[in-house]
Amino acid sequence: MSRGDMAKPLLGHRSLEGDPSMPAAGRTIGVLGSGDFARSLAIRLVCSGFKVVVGSRNPKRKAGLFPSAAEVTFQAEAVKKTDVIFVAVFREHYSTLCDLADVLAGKILVDVSNNTEINHHKESNAEYLASLFPASTVVKGFNVVSAWTLQSGARDGNKQVLICSNNQEAKRTIAEIAQVMGFTPVDMGCMSSACEIENIPLRLLPAWKIPIFLALGLFLCFFTYNLIRQVIHPFIREQKNKLYKIPIEVVNTTLPCVAYVMLSLVYLPGVLAACSQLYYGTKYRRFPDWLDQWLQHRKQIGLLSFFCAALHAVYSFCLPMRRSHRYQLIETAVKQAVEKKMNIWVEEEVWRMEIYISVGIIALGLMSLLAITSLPSIANSLNWREFSFIQSTLGFIALVISTLHTLTYGWSRAFDENQYKFYLPPTYTLTLLVPCTVILAKVIFSLPCIRQRLLRIRRGWEKGRYVKFVLPSATGEFSSGETSSNV
């Protein structure tokens, strides 16, 4: 099953009160196991109004670990008192339950286990459990929920509970229990999906790998470029040791470049998608895989952009605190005293720095708003128009203001030949290429003629279709032809 199916809820939105299909508050649920997850699961079930019976091999020793409302007894006794049992033991301990096979017959077993490695076994834990107890109905679920989330409830973190089974009625029963506990059940299909569900908790930031590698690649490129200009060039040309600039100055020059370029990369795939739709005259043509992946990773790219921008702000704030900066201030003051310069005020530079800092603060504020509204807890409280306005309109404004921030930083230095060290242009001029392309494309798309055409395409209009027709030839035979008709 594709990952897109994870967004499909198993149960529709309905009120829990007065619904006879929902499990009663006094329903008894069994839990086999006495580990951390079993204890957290028992706590959450009790808080949700269920009666809980915990089966343990050592009930007297384990009873104090569970809430007083839960009954802790031997495994065989716990199994007899309920029809729904959460198996909260490790895969290697499944065989210890084989003595209960006759008692477990006809009952629903919920496998909540995970592996230590991706695809560690040929078959999933749930499938292995089902092979041991063929007379029982096995449901895979709750393995993507942590013990901490169970204890604190579904207020924080991911609310989704992925469920799969070959029995539709058993899936519905477990889904109803999950919904009463405050989670959102998601149907992942039949038992063959259990392996994929078990691999999900083992993956380390799967949606972040490409954006992180992209950010690291940009950082290394810009860092190397700035290192050549700020450290290597003065060492070769003037024999000056500028290595002290590497930890703060070179990094601080690199971070805004990465943040600025990555912010533009959030909106560049939208421009490419619009160009594709305009070129082919339809929205039904599938985008290339690379563009589709790019569109799906925009959120992560934007958050990394904000992270780099926030680091740049902190680094910039700390610049005057460096010992090297103090030495340079003293050296400048001594030179002015020797040269008897009483007034060094430069009006243009003062205004440039004031505008540069002010615009930078506004850009960081807008990027903070974009980052906050991308969080699920905040995004879920917004309707689609509000979310689109913040992420699209305000995001584009943030890109424009970031461009102004970059331009005021450069000012007229792009035309100063002394800035071209080793004939390399200043770094900020390179960062302007992609953002200015995006801004120019957005301006073109806002023209009425193009905007209306793009809007029609996105509402389902297609440029044309070829309709086959048949014409009689001079010999009386029929020949086929094609014509285009707008839809």
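The values are calculated or read from the model by the stated rules, or taken from the named source; none is laboratory data. All figures in this text were calculated on a predicted structure; none of them were measured in a lab. FYI the Cβ positions are ideal-geometry reconstructions off the backbone, even for glycines, and counts take in every protein chain you see. For accessibility, only protein heavy atoms count, side chains too; no ligands or nucleic acids. Shrake-Rupley method; radii C 1.70, N 1.55, O 1.52, S 1.80 Å.
Please report the spacing between the Cα centers of region 283-353 and region 37-88 in Å, no decimals.
Going from one Cα centre to the other spans 57 Å.
Taking the Cα centre as origin and putting +1 on Lys and Arg beta-carbons and -1 on Asp and Glu beta-carbons, what dipole magnitude results for region 28-202, to the nearest 20 debye?
That gives a dipole near 580 debye.
Between Asp36 and Arg286, how high is the FRET efficiency from 1/(1 + (r/R0)^6) when r is the Cβ-Cβ distance and R₀ = 35 Å? Nearest 0.05.
0.20
Can you classify region 28-202 as rounded, prolate or oblate using the Cα gyration tensor, where a ≥ b ≥ c are the square roots of its eigenvalues, rounded means a/c under 1.5, and otherwise it's prolate if a/b beats b/c and oblate if not?
It is rounded, given that a/c, with a ≥ b ≥ c, falls under 1.5.
Is the shape of the chain best called rounded, prolate or oblate, per the rule: a/c under 1.5 gives rounded, else a/b larger than b/c gives prolate, else oblate, with a ≥ b ≥ c the square roots of the Cα gyration tensor eigenvalues?
Since a/c reaches 1.5 but b/c is at least a/b, the shape of the chain is classed as oblate.
Modelling each spin label as a point 7 Å along the Cα-to-Cβ direction, I'd like the Cys436/Ala105 distance in nm, to one decimal.
Taking the two extended label points, one gets 8.0 nm.
Can you tell me which of 115-122, 364-371 comes out highest on packing, and rank the rest after it, using the mean Cβ neighbours within 10 Å?
Highest-to-lowest ranking by the protection proxy: 364-371, 115-122.
Relative contact order (percent) for region 28-202, with alpha-carbon contacts under 8 angstrom and 6 or more residues of separation?
Relative contact order, region 28-202: 20 percent.
What is the magnitude of the charge dipole of the chain about its Cα centre, with +1 placed on the Cβ of each Lys and Arg, -1 on the Cβ of each Asp and Glu, and no other charges, expressed in debye to the nearest 20?
Dipole size: approximately 780 debye.
Between Ser324 and Leu375, what is the spin-label point distance in nm, taking each point 7 Å from the Cα along the Cα→C-beta axis?
3.6 nm
Beta carbons within 10 angstrom, averaged per residue: use that to sort the peptides 337-345, 94-102, 319-327, highest first.
Values: 337-345: 7.7, 94-102: 13.6, 319-327: 11.2.
Highest mean packing first, the order is 94-102, 319-327, 337-345.
With a probe of 1.4 Å, find how much accessible area the chain has per residue, and write the answer as a whole number in Å².
Roughly 57 Å² per residue, with all protein chains present.
Net charge near Tyr128, counting Lys/Arg +1 and Asp/Glu -1 over other residues with Cβ under 10 Å of its Cβ?
Details: positive: Arg91, Lys122; negative: Asp111, Glu123, Glu127.
So the surrounding residues net to -1.
Using only alpha carbon pairs under 8 Å that are at least six residues apart, calculate the relative contact order of region 208-459 and give it in whole percent.
Across region 208-459, relative contact order equals 26 percent.
Dipole size in debye (nearest 20) for region 299-370 around its Cα centre, Lys and Arg Cβ +1, Asp and Glu Cβ -1?
320 debye
Would you mind calculating the relative contact order of the chain from Cα pairs under 8 angstrom and at least 6 residues apart, reporting the percent as a whole number? Could the numbers behind the result be given before it?
Values: 644 pairs, mean separation 52.9, N = 487.
Value for the chain: 11 percent.
Rounded to the nearest 5, what is the percent of antiparallel bridges among the DSSP beta bridges in the chain?
Roughly 30 percent of the beta bridges in the chain run antiparallel, per DSSP.
Quick check on region 28-202: of the DSSP beta bridges with both residues there, what percent are antiparallel, nearest 5%?
Numbers: 1 of 25 bridges.
Here the share of antiparallel DSSP bridges comes out near 5 percent.
Between Gln452 and Phe387, what is the label-point separation in nm under the 7 Å Cα-to-beta-carbon projection?
Result for the modelled spin labels: 3.1 nm.
Taking the mean number of other Cβ atoms within 10 Å as a proxy for protection, how do you rank 389-400, 283-294 from highest to lowest?
Final packing ranking: 389-400, 283-294.
Would you mind telling me the share, in percent, of accessible area of the chain contributed by carbon and sulfur at probe 1.4 angstrom?
Carbon and sulfur together cover 60 percent of it.
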